[in-house]
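Every read-out reported here was derived from the displayed coordinates using simple, explicitly stated rules and does not represent laboratory data. Predicted model only: the values in this text are computed from it and were never measured. Cβ placement follows ideal geometry from the backbone for every residue including glycine, while neighbour counts extend to all protein chains displayed.
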């Protein structure tokens, strides 16, 4: 009962902190946000008012009402949007075009080819049939597609990032809603390997964010210190809110058994809130079980017009390992600077942070301070090198999971692309305060068309890791 009361109190505390914190975020970023909004608004207004320019072998235009008819090598352009076809009808004053036969629609982040195109340049809405092409990084095919200002809807089609004529993998659905660079939702989803359906779901939600690397909807196989591994990420939207979802990371280890991690999450533009439970494992093979944990994390926020940004996170939950359990509170803020270009090929990254952690186990508190500096050099198209330094003071030693191995670490390494399909990398980690080499890792990566095979030997630990994952998901 006492722990339940503590959980309720901390949950309320996190939510109250969020309520107080988000207005502060908005206040801190008024200048930057307002300018960005003004710039976006000005660009949108300019595009809405920009005239349509029509080039064609033959062109007929009715000045009184704006109707036009164009035939032969037709190019309809408005700023950075373009339509190519052989025969186009439309109305320049209403910013509308309609094409019965083949048409190509090109916009920033979009390149589609199809038939029966109807499009409004001012509203950024339209439809197209028998579509093939790309939306952002997604290769798409659709019987029909609906174009909206913030998203595209694929009806009876599929999406993939595999360039093969018959994709090695794809997701099909009755409809697929794509918010470029953010997320997608597939209704009546089917998951294909070549021409075979491996499983299906009534609805699936996936992330398209650059920093999401653990959301592969297809099964992957590997090997590490805990034996043969099988992993898969499942996620489904809850209700009609596209930002709210339930997820499960299914993980099986031949020496550890089934170790799932699951929960519900709400991903908004400025923050995400999660209630999670299950098993977690870090890169050093340290395990933890959370049962459960409430997490709040913000996206990166700019500090005014400065080159600095910050993130804030808070969590409360029960952590368990093989020897102990503890109700854990964690609050942290991390500041980072925009990359500093020392030259065309050399980039310096700086970051620092502070936190507060309280463990019920032994009633301990920690105030970790962190500083990171990383220097990256692209020597050539094939060779890249890096060196990094991390300082961690007063970090939580209650659990091994996701904690630094020493107060000061120096990391060096390089990667070399041997040829189109193969690359090698060496990572070296040195404990400055311990005066010892902590890790030396050798990695070979081989591209299998739409898949990547990665083999790593951790020399100091005498361990081997192997993974086969999708190269483009």
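Here the relative contact order of the chain, from alpha carbon pairs under 8 Å that lie six or more residues apart, stands at 6 percent. Of 171, 354, the sequence from fewest to most neighbouring Cβ atoms within 10 angstrom is 354, 171.
Take the Cβ atoms of residue 115 and residue 238, set R0 to 45 Å, and the FRET efficiency comes out at 0.80.
The helix-only estimate of mean residue ellipticity at 222 nm for the chain, built from DSSP H runs of length n ≥ 4 each weighted as -39500 (n - 2.57), is -3500 deg cm²/dmol after division by the residue total. For the range 285-345, the relative contact order works out to 31 percent when only alpha carbon pairs closer than 8 Å and six or more residues apart are counted. Rounded to the nearest 10 degrees, the inclination of helix 2-28 to the longest alpha-carbon principal axis of the chain is 50 degrees. The relative contact order of the range 312-417, computed from alpha carbon pairs under 8 Å that lie at least 6 residues apart in sequence, is 19 percent. Residues 54, 135, arranged from fewest to most other Cβ atoms within 10 angstrom of their Cβ, appear as 54, 135. Between helix 30-49 and the chain there is an angle of about 20 degrees, using the helix long axis and the longest principal axis of the Cα atoms. In terms of other Cβ atoms within 10 Å, 218, 466, 258 run from fewest to most in the order 258, 466, 218. So what is the diffusion coefficient of the range 393-473 in µm² per second by Stokes-Einstein at 37 °C and 0.692 mPa s, using a Kirkwood Rh over Cα pairs? So the translational diffusion coefficient is about 225 µm²/s. Hull volume per residue, based on the alpha-carbon atoms of the range 191-285 and their convex hull, is 129 Å³.
With all pairs of different C-alpha atoms in the average, the Kirkwood value for the hydrodynamic radius of the range 258-347 is 15.5 Å. The simple spin-label model puts a point 7 Å past each Cα toward its Cβ; for residue 179 and residue 107 those points are separated by 1.7 nm. Relative to one another, the C-alpha centroids of the range 432-473 and the range 383-420 are positioned 14 Å apart. Kirkwood-type hydrodynamic radius, the chain: 25.9 Å, calculated from all non-identical alpha-carbon pairs.
Can you classify the range 69-207 as rounded, prolate or oblate using the Cα gyration tensor, where a ≥ b ≥ c are the square roots of its eigenvalues, rounded means a/c under 1.5, and otherwise it's prolate if a/b beats b/c and oblate if not? Here the range 69-207 falls in the prolate category.
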